[in-house]
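K.L.:
Quick one: structure below, then a few questions.
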Amino acid sequence: MDKDKYYITTPIYYPSGKWHIGTCYTTIICDALARFKRLDGYDVFFLTGTDEHGQKIQKAAQAAGKSEKEYLDNIVGQLRSLWQVLGISYDKFIRTTDEYHKRAVQKIFTALYEKGDIYKNEYEGWYCVPCESFWTKSQLVDGKCPDCGREVQLTKEESYFFRLSKYQKVIEKLLEDNPTFLMPRSRQNEMINNFIKPGLQDLCVSRTTFDWGVQVPFDTKHVVYVWLDALFNYATALGYMGDDDALFRKYWPADVHMMAKEIIRFHSIIWPAFLTALDLPLPGKVFGHGWIMFGSDKMSKSKGNVVDPFILSDRYGADALRYYILRVVPFGQDGVYSNEMFVKTRNSDLANTLGNLVSRTLAMVNQYFGQVPEPCEDEGTDAELKELNMRLYDKVAALMDEPDVSGAMDAIWEVLHRANKYIDECEPWALAKDESKRTRLSGVLYNLVETIRRVAVLLQAFMPDTAAKILTSLGIKDGELSGFSSLKQWGAMPAGGNVVKGEPLFARLDINKELKELDAIAASVEIKGDVKGADNGEDKRADKAEGVMTVDSINIEDFEKIDLRVGTVVDSKRVEKTDKLLCSQIDLGEGKPRTVVSGIAKYYAPEDIIGKQVIVVANLKPVKLRGILSEGMVLCASDAEGNLTLITPSKGIASGSEVR
Ligand code: MSP
């Protein structure tokens, strides 16, 4: 049943080395879609990879005292092993440092230049290094990057520009006429109103201030803007502008570009404009899913949220992690991760609903029949269970087309819940006591075995290890009984085979014990870069909040000794005879403001900070500075280049609020 081709991509990942459950989100979603479509007879190509150029990488490599390549190979290796642990079935892994990709990007840049869609000019604008994005002054929010809220740098240099403005109408029409191009739909209005309607401006597509990138072939002091370089991975990976473009001819364009919401601007505006300029067909769909958040515990070290996917999958199984991402986070919206929810869900949905159904059924089959029993005429609620089963494939297939991955998982769990209820209704243990009910008992257990088989066939797309275990217990090897075509009719499971009740699929966990152990692991993990470090953006996304293991760790008790409070600066003055110190009066909700002396006068004038909310270390021993008793310390972030910024709450909150 060969269907069409299906080309699906994840964004290519920045090799940050900070892997967490949020990092896995897009890739696990794509993996489930790719597996589903393969099982459904599509010719699938699933692409992922790494985005390795740009100033940020160059700086990180320098800071680590390594060459870029050395630095990257190690981190990219970690990412690939993460994908292996999680069972990611990609067909190709592209690195933007691959020679074939760099050559192709050079050809693409030249083609756009020769066509007149890239031209040289002078650039003056604001650049956000962490986001690798340029902004005009009017796009900044409070003078900061509108995407991540961090400081931006004023940049002036000779640059090449892409005529994005020329494609204003094309892009506007694309989004307005094609309601399924950018999904979910709410994101479409956001793009149209915030970016397209105000007018698309030409895009700066080369840099001269660093050299870690693809060189512009006809002007070698320029490197290609990372987003142009990165976006074209989707085409070069298939051989576009390369030596062999057979894959490109077969799979282009992408059916789905999957990503989190913060990068849809690049994929739904800039990317189709680039493609139109090259007369290439446009992707079928750009899907911007939500973020995985850590509730209000952005800096999760205080609560001990372990979110290292290696640790989680090692302790609980990769499928438990896949399940959480695929089901618990409502697809398209933001979802919260917490250890507690993770462990509880594993117990309730996996150990109970799925695991118990399988183990109870197989135990009863073995105990009462020793092999898969014969089906019998429908009775009682059989028809309802069968009908739900028979509708399941179509329902899941339609939801995966949208795509609505958590909706598809909901549909599968609905059948599992129904099957558990069916056991309670039919009470096979009672039927077993009455010899005259033997045929009925046989029919009930057959219905359960067939339900489990059907669910396992579908679960191969979502939780491949678990599905394989279930199918093996049912004595099913690869082949017809595990294919989607076996779902067409009820009753493909043959009677008479042996079933094996192996180890429980998901052993029940003692929640409190697990949470304590996870807290203890978290306490031994230090967030890389301290509060004054370089990369502590106030971003709630997991990748910005989580760090990696380093050696000099403190434990949770040490951290809890620090009393951090929100304070409001009610007054501030320069300290006489010094150009470094400000003396501020800070209200911590204690009735009387505290006096705090801080070394920020080079960065802030007194009037800049009056009225601002800041974070104060409230239980620091008072010290005298220039004769003034300072009763606390204000937290700031500073980077290697000497920039300093005060840490402030993202929303106003009562003075004296505890920072946790
Ligand atoms: N390199 C760019 C993409 C270029 S594509 C031409 C990039 N990389 S990333 O490493 O920052 O992000 C990779 C993917 O992970 C993106 O889809 C990103 O949005 C997603 N996520 C990173 N953190 C996430 C969460 N906490 N939650 C959900 N998705 C998250 O952007």
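The values are calculated or read from the model by the stated rules, or taken from the named source; none is laboratory data. This is a predicted model, so every value here is computed, not measured. Glycine also receives a Cβ, built like all others from the backbone with ideal geometry; neighbour counts cover every protein chain displayed. Just so you know, the surface numbers come from the protein's heavy atoms only, side chains and all, with ligands and any DNA or RNA stripped out. Shrake-Rupley method; radii C 1.70, N 1.55, O 1.52, S 1.80 Å.
K.L.:
Output yes when any residue across the stretch 185-195 is among the small types (Gly, Ala, Ser) and touching a Gly at 6+ places or on another chain (Cβ under 8 Å), and no when none is.
P.N.:
Within the stretch 185-195, the first condition is being among the small types (Gly, Ala, Ser), and the residues that meet it are 186.
Adding the requirement that they be touching a Gly at 6+ places or on another chain (Cβ under 8 Å) leaves none.
Looking for residues that are among the small types (Gly, Ala, Ser) and touching a Gly at 6+ places or on another chain (Cβ under 8 Å), one finds none in the stretch 185-195, hence no.
K.L.:
Right, here's the next one. In the stretch 209-225, what count of residues is obtained for those that are surrounded by fewer than 16 Cβ atoms within 10 Å (Cβ to Cβ) and of a type in the set (Ser, Thr, Tyr)?
P.N.:
Of the residues in the stretch 209-225, 2 are surrounded by fewer than 16 Cβ atoms within 10 Å (Cβ to Cβ) and of a type in the set (Ser, Thr, Tyr).
K.L.:
With within 16 Å of the ligand (Cβ to nearest atom) and charged (D, E, K, R) as the only criterion, which of 95, 103 stands out?
P.N.:
Numbers: 103 fails: within 16 Å of the ligand (Cβ to nearest atom).
Answer to the selection: 95.
K.L.:
Pick out the one residue from 5, 69 that is under 26 Å from residue 243 (Cα atoms), over 24 Å from the mean Cα position of the chain (by Cα) and modelled with pLDDT of 95 or more. If you could, list the steps in order and put the result at the bottom.
P.N.:
Working: 69 fails: modelled with pLDDT of 95 or more.
The unique qualifying residue is 5.
K.L.:
Follow-up question, since we're still on this one. Kindly provide the set of residues from the stretch 16-26 that are within 8 Å of the ligand (Cβ to nearest atom) and surrounded by 23 or more Cβ atoms within 10 Å (Cβ to Cβ), ordered by number.
P.N.:
So in the stretch 16-26, the residues within 8 Å of the ligand (Cβ to nearest atom) come out as 16, 20-23, 25-26.
The answer is 20, 21, 22, 25.
K.L.:
Please determine, by comparing only the residues of the stretch 339-355 that are under 17 Å from residue 294 (Cβ atoms) and open to solvent by 30 Å² or more (accessible area, probe 1.4 Å), which one is nearest to the chain's Cα centre (by Cα).
P.N.:
First, pick out the residues of the stretch 339-355 that are under 17 Å from residue 294 (Cβ atoms): 339-345.
Of the ones still in play, those that are also open to solvent by 30 Å² or more (accessible area, probe 1.4 Å) are 340-341, 344.
Details: 340: 19, 341: 18, 344: 21 Å.
Taking the candidates together, the pick is 341.
K.L.:
Now for a different question. Looking only at the stretch 28-80, which residues are in contact with a Lys or Arg (Cβ under 7 Å, 6 or more places away or on another chain), within 16 Å of the ligand (Cβ to nearest atom) and assigned to a loop (DSSP other than H, G, I, E, B)?
P.N.:
Hit for the stretch 28-80 is 52, nothing else.
K.L.:
Now for a separate question. Please verify whether the stretch 418-426 includes one or more residues that are under 33 Å from the mean Cα position of the chain (by Cα) and surrounded by fewer than 21 Cβ atoms within 10 Å (Cβ to Cβ).
P.N.:
Here is the first cut: in the stretch 418-426, the ones under 33 Å from the mean Cα position of the chain (by Cα) are 418-420.
Going one step further and asking which of them are surrounded by fewer than 21 Cβ atoms within 10 Å (Cβ to Cβ), we end up with 418, 420.
The answer is yes; a qualifying residue exists.
K.L.:
Is it true that some residue in the stretch 68-86 is open to solvent by 10 Å² or more (accessible area, probe 1.4 Å), in contact with a strand residue (DSSP E or B) (Cβ under 7 Å, 6 or more places away or on another chain) and not β-branched (Val, Ile, Thr)?
P.N.:
Checking the stretch 68-86: at least one residue is open to solvent by 10 Å² or more (accessible area, probe 1.4 Å), in contact with a strand residue (DSSP E or B) (Cβ under 7 Å, 6 or more places away or on another chain) and not β-branched (Val, Ile, Thr).
K.L.:
Look at residue 274 and say whether it is more than 16 Å from residue 176 (Cα to Cα), crowded, with 18+ Cβ neighbours inside 10 Å, within 14 Å of the ligand (Cβ to nearest atom) and modelled with pLDDT of 95 or more. Break it down into steps so the answer makes sense when it comes.
P.N.:
On the way: more than 16 Å from residue 176 (Cα to Cα): yes; crowded, with 18+ Cβ neighbours inside 10 Å: yes; within 14 Å of the ligand (Cβ to nearest atom): yes; modelled with pLDDT of 95 or more: yes.
For residue 274, the condition - more than 16 Å from residue 176 (Cα to Cα), crowded, with 18+ Cβ neighbours inside 10 Å, within 14 Å of the ligand (Cβ to nearest atom) and modelled with pLDDT of 95 or more - is met.
K.L.:
Considering (1) closer than 20 Å to residue 265 by Cβ; (2) in a loop (DSSP other than H, G, I, E, B), say which one residue 211 fails and leave the rest.
P.N.:
Failing condition for residue 211: (1).
K.L.:
Pick from the stretch 277-290 the residues that are assigned to a loop (DSSP other than H, G, I, E, B) and more than 25 Å from residue 23 (Cβ to Cβ): which of them is most open to solvent (accessible area, probe 1.4 Å)? Explain how you work it out, then say what you get.
P.N.:
Looking only at the stretch 277-290, we keep the residues that are assigned to a loop (DSSP other than H, G, I, E, B), and these are 278-285, 290.
Those still in the list that are more than 25 Å from residue 23 (Cβ to Cβ) too: 278-282, 284.
Numbers: 278: 29, 279: 128, 280: 25, 281: 69, 282: 54, 284: 41 Å².
Filtering the stretch 277-290 for residues that are assigned to a loop (DSSP other than H, G, I, E, B) and more than 25 Å from residue 23 (Cβ to Cβ), the one most open to solvent (accessible area, probe 1.4 Å) comes out as 279.
K.L.:
Pick out, from the stretch 558-660, the strands (runs of 3 or more DSSP E) lying fully within it that include 2 or more residues that are under 29 Å from residue 129 (Cβ atoms).
P.N.:
564-574, 613-617, 636-638, 644-646
K.L.:
Output yes when any residue across the stretch 621-628 is under 14 Å from residue 584 (Cα atoms) and open to solvent by less than 40 Å² (accessible area, probe 1.4 Å), and no when none is.
P.N.:
no
K.L.:
Among strands (runs of 3 or more DSSP E) lying entirely in the stretch 107-202, which contain 3 or more residues that are modelled with pLDDT under 95 and open to solvent by 20 Å² or more (accessible area, probe 1.4 Å)?
P.N.:
Details: elements: 118-128, 133-135, 153-162.
Where strands (runs of 3 or more DSSP E) fall fully within the stretch 107-202 and carry at least 3 residues being modelled with pLDDT under 95 and open to solvent by 20 Å² or more (accessible area, probe 1.4 Å), they are 118-128, 153-162.
K.L.:
Further, regarding this structure: Please find, within the stretch 226-252, the residue that is nearest to the ligand (Cβ to nearest atom) out of those that are under 16 Å from residue 4 (Cα atoms) and open to solvent by 30 Å² or more (accessible area, probe 1.4 Å).
P.N.:
Within the stretch 226-252, the first condition is being under 16 Å from residue 4 (Cα atoms), and the residues that meet it are 247-252.
Adding the requirement that they be open to solvent by 30 Å² or more (accessible area, probe 1.4 Å) leaves 247, 249-250.
Details: 247: 18, 249: 22, 250: 21 Å.
Looking at the filtered set, the residue picked out is 247.
K.L.:
With the requirement that a residue be of a type in the set (Asp, Glu) and out of contact with any strand residue (DSSP E or B) (no Cβ under 8 Å at 6 or more places or on another chain), what does the stretch 377-409 give you? Don't jump to the end; show me each part of the working.
P.N.:
Looking only at the stretch 377-409, we keep the residues that are of a type in the set (Asp, Glu), and these are 377-379, 382, 384, 387, 394, 401-402, 404.
377, 378, 379, 382, 384, 387, 394, 401, 404 - these are the residues of the stretch 377-409 that are of a type in the set (Asp, Glu) and out of contact with any strand residue (DSSP E or B) (no Cβ under 8 Å at 6 or more places or on another chain).
K.L.:
Any residue at all in the stretch 649-657 that is farther than 20 Å from residue 149 by Cα, modelled with pLDDT of 85 or more and open to solvent by 40 Å² or more (accessible area, probe 1.4 Å)? Explain how you work it out, then say what you get.
P.N.:
Of the residues in the stretch 649-657, the ones farther than 20 Å from residue 149 by Cα are 654-657.
From the residues that got through so far, the ones that are modelled with pLDDT of 85 or more too are 654-657.
After this cut, where a residue has to be open to solvent by 40 Å² or more (accessible area, probe 1.4 Å) as well, the list is 654.
Yes, because at least one residue in the stretch 649-657 is farther than 20 Å from residue 149 by Cα, modelled with pLDDT of 85 or more and open to solvent by 40 Å² or more (accessible area, probe 1.4 Å).
K.L.:
Considering 519, 552, which residue is modelled with pLDDT of 80 or more, more than 22 Å from the chain's Cα centre (by Cα) and either away from the ligand (no atom under 16 Å from the Cβ) or over 30 Å from residue 625 (Cα atoms) (or both)? Full working, then the answer.
P.N.:
Details: 552 fails: modelled with pLDDT of 80 or more.
Going through 519, 552 in turn, the sole match is 519.
K.L.:
Here's a follow-up. Can you pull out every residue in the stretch 277-287 that is more than 22 Å from residue 241 (Cα to Cα) and either more than 12 Å from the ligand (Cβ to nearest atom) or over 21 Å from the mean Cα position of the chain (by Cα) (or both)? Outline the logic, then answer.
P.N.:
Start the filter on the stretch 277-287 by keeping residues that are more than 22 Å from residue 241 (Cα to Cα), which leaves 285-287.
If the condition is that a residue be more than 22 Å from residue 241 (Cα to Cα) and either more than 12 Å from the ligand (Cβ to nearest atom) or over 21 Å from the mean Cα position of the chain (by Cα) (or both), then 285 is the only one that fits.
K.L.:
Please tell me if residue 261 is open to solvent by 30 Å² or more (accessible area, probe 1.4 Å), touching a strand residue (DSSP E or B) at 6+ places or on another chain (Cβ under 9 Å) and within 11 Å of the ligand (Cβ to nearest atom). Write out each step before concluding.
P.N.:
On the way: open to solvent by 30 Å² or more (accessible area, probe 1.4 Å): yes; touching a strand residue (DSSP E or B) at 6+ places or on another chain (Cβ under 9 Å): yes; within 11 Å of the ligand (Cβ to nearest atom): yes.
Yes: the conditions hold for residue 261.
K.L.:
Scan (1) part of a helix (DSSP H, G or I); (2) surrounded by fewer than 18 Cβ atoms within 10 Å (Cβ to Cβ); (3) of a type in the set (Asp, Glu) for the single condition residue 503 breaks and write down its number.
P.N.:
If we test residue 503 against (1) part of a helix (DSSP H, G or I); (2) surrounded by fewer than 18 Cβ atoms within 10 Å (Cβ to Cβ); (3) of a type in the set (Asp, Glu), just (1) comes out false.
K.L.:
Another one. Among the residues of the stretch 391-435, how many are out of contact with any Pro (no Cβ under 8 Å at 6 or more places or on another chain), assigned to a helix (DSSP H, G or I) and under 30 Å from residue 8 (Cα atoms)?
P.N.:
The number of residues fulfilling the criteria is 22.
K.L.:
Can you tell me which residue among 358, 329 is among the β-branched types (Val, Ile, Thr), at pLDDT 95 or above and buried (at least 19 other Cβ atoms within 10 Å of the Cβ)?
P.N.:
Testing whether each residue is among the β-branched types (Val, Ile, Thr), at pLDDT 95 or above and buried (at least 19 other Cβ atoms within 10 Å of the Cβ) leaves just 358.
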